Structure formats: structure tokens, C-alpha cells
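Read through the structure below, which is laid out as C-alpha cells, and then see the notes.
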Amino acid sequence: MKILLVEDNPELTQNICQYLSQQGLLCEAVATLYEAEDRILSFDYDCILLDLMLPDGNGLQLLQTIKTAHPQLNVLIISAKDALDDRLKGLDLGADDYLPKPFHLAELLARIRAIFRRSKLGGSDTLEYNEIQINHQSLEVTVLGKLLDLTKKEFDLLVFLLTNKNKVLSKQAIATHLWGDYTDDLANFDFVYQHIKNLRKKICAAGGKDYLTTVYGLGYKFDSNAS
């Protein structure tokens, strides 16, 4: 999962990003509404962690903007401003959950995973497609019952492609989703090809179909019509 944290407390930001990274999530952080709007316009995220009290305004403004432009984007409000009317307004505007500060980082992770299960996995920890089964708790992938030996990036790549089934994803979109926005300065994204190649080889070696299709000049997609 790729997370954007919108939080102006440096210590809390560091703690959250460090913890989520240790749990295998890619977490980027900004401290203002302006920076958050710019990131959301430029990059794709699975979930936004949104503080309400920010230096340049109320996070509810950003929530309204997000849900107007990107209604499917998940938002978890994290804020010390826990009055009932703020909770209700945030949920009415489309927030997926509300976690008042202070909170345990383990609970934050559990809330994020619950949102991901509801939005991407139909409420389950397991994502299945034909002969492929992906378990998000154990981080294991099996094809026809055979366990694949995948790196973490290969696992994340397969989830990203499958949850965007039949959608063409550019090399840049894949790179920024899996490695973060520091890839902006790279001259090319040829390393994505190697990860696609390795993942395809491992799926096919286990007896699976070659769903990972190259769309020349554009990128790659998980093709449900693969023969």
C-alpha cells in the first residue's frame, strides 16, 4: 500500500512513517494542505492519513476536494479535534474512518488494513483471481497451490497490477507507486521491466497464465483476457 500522511507534527510524522515502513507500507508525508493537493494531483495513493488542524487551513477542506475529484480514494482522518460534529462532518464528506489522537501505531495500521480490505479486497485478507491467490496477512502468493518465492517489491507489484486489472499502468506510475516520488529524478524506468519479467517468469513457472501484458509505448497491465 502507498500512503500519504498529511500531518504538521514532525515527531508524529517521523514515528508514523518509520512504523508503517517497517510494516511494509510506503509512506510519504507533507505538512500543509497546499503540499497535499499537489501530491494527490501528481501521484496515486491507496490511502490518505489526514490531520484536520493544519497550518494553512482545515483538513476538511482537503477531504471535500479529494472526494469531489477522486471519490474512490480512501481517507482516514487522524486528529486531536475529536468533537462529535467534526467526526460526523468528516464521515458525511466521505472519510472512511476517524481515529482520534493520541493513538497506538498498531491501531493505526489495523485501521489502514481494514480500509484496504473493504475497498480493494471485498473485506477479505485474501485476493484471488483464477489460479492466483494473494494473502495480505502472510504476504504469500500461491499459483495452483504452489507458493511463489517473491521479493516484497514483486508482491507489491502483483497486487498493484491485479487491483488495477485491465488498466494500462505506465512505467512511471508503477515506479512511483512502489518506490515513492524520489523516482521523479530518474532518467528512465527500465528497472520496472526487470521486475515485470521476474514476476511473469515465476507465475508461469508455477503453471499460471501470463497475465502480465506489455502495452508497447505505454506500459503494462494485468490482462484478464490472457490465454
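Values quoted throughout were computed directly from the atomic coordinates according to the rules given, and no laboratory measurement underlies them. What you see is a predicted model; the values in this text were computed from it and never measured. Quick reminder, even Gly has a Cβ in these numbers, built from the backbone with ideal geometry, and neighbours come from all protein chains shown.
Long-range amide H contacts for residue 29: which residues qualify at under 5 Å (H placed 1.01 Å from N, peptide plane, sequence gap of 5 or more or a different chain)?
Under 5 Å from the amide H of residue 29: 5.
At 0.36 nm per residue, and after removing the present C-alpha to C-alpha distance, how many nm does the segment from residue 194 to residue 72 gain when stretched out fully?
Taking residue 194 through residue 72 to full extension adds about 40.9 nm, to one decimal.
Greater than 27 Å separation of Cα atoms is the criterion. Which listed pairs, 165/202; 101/171; 101/167; 2/171; 67/152, meet it?
With Cα atoms farther than 27 Å apart: 101/171; 101/167; 67/152.
So in the chain, what percent of DSSP beta bridges are antiparallel if you round to the nearest 5?
Working: 17 of 34 bridges.
Bridges in the chain that DSSP calls antiparallel: roughly 50 percent.
Starting at the first residue of the stretch 127-141, write each ³J(HN,Hα) from the Karplus equation 6.51 cos²θ - 1.76 cosθ + 1.60 with θ = phi - 60°, in whole Hz, x for Gly and Pro.
10, 10, 8, 6, 8, 9, 10, 10, 10, 7, 7, 8, 6, 10, 10
Of the listed peptides 50-61, 142-153, what is their order by residue-averaged count of other C-beta atoms within 10 Å, with the highest listed first? Let's see the in-between values first.
Working: 50-61: 18.1, 142-153: 13.5.
Output ranking for 50-61, 142-153: 50-61, 142-153.
Across the Cα atoms of the chain, what radius of gyration and what greatest pairwise Cα-Cα distance (Dmax) are found, in Å?
18.3, 55
First measure r as the distance between the Cβ atoms of residue 118 and residue 209, then evaluate 1/(1 + (r/R0)^6) with R0 = 25 Å and state the FRET efficiency to the nearest 0.05.
On the way: r = 28 Å, r/R0 = 1.13.
Once the sixth-power term is evaluated, E becomes 0.35.
Based on the mean of other Cβ atoms within 10 Å per residue, sort peptides 11-23, 89-101 so the most packed one is first. Present the calculation step by step, with values, prior to reporting the outcome.
Numbers: 11-23: 14.8, 89-101: 17.0.
Put in order of decreasing packing, that is 89-101, 11-23.
Can you tell me the relative contact order of the chain? Whole percent, Cα pairs under 8 Å, sequence separation 6 or more.
On the way: 330 pairs, mean separation 32.2, N = 227.
Normalised by residue count, the contact order of the chain is 14 percent.
Karplus couplings for the stretch 206-217 from phi (6.51 cos²θ - 1.76 cosθ + 1.60, θ = phi - 60°), rounded to Hz, Gly and Pro as x?
Taking θ as phi minus 60°, the curve returns 8, x, x, 6, 8, 7, 7, 9, 8, 9, 4, x Hz for the stretch 206-217.
Using only Cα atoms and rounding to the nearest 10 degrees, what angle (0 to 90) does helix 152-162 make with the longest principal axis of the chain?
Roughly 90 degrees, rounded to the nearest 10.
Using θ = phi - 60° and the Karplus form 6.51 cos²θ - 1.76 cosθ + 1.60, what ³J(HN,Hα) does each residue of the stretch 43-58 get, whole Hz, x for Gly and Pro?
Ordered by residue, 3J(HN,Hα) equals 9, 9, 10, 7, 7, 9, 9, 10, 7, 8, 9, 10, x, 10, x, 8 Hz.
How long is the stretch 15-99 along each principal axis, judged by its Cα atoms, biggest number first, in Å?
Each principal axis gives a Cα extent; for the stretch 15-99 these are 34, 25, 25 Å.
Relative contact order for the stretch 1-81: what is it in percent, counting Cα pairs under 8 Å that are at least 6 residues apart?
Details: 120 pairs, mean separation 27.0, N = 81.
The value is 33 percent.
Let me check I've understood the local charge: for residue 191, count other residues with C-beta under 11 angstrom from its C-beta, Lys and Arg +1, Asp and Glu -1. What total comes out?
Values: positive: 153, 171, 197; negative: 190.
Spelling it out: positives minus negatives among the neighbours equals +2.
Which FRET efficiency, nearest 0.05, do residue 56 and residue 126 yield, Cβ-Cβ r, R0 41 Å?
0.50
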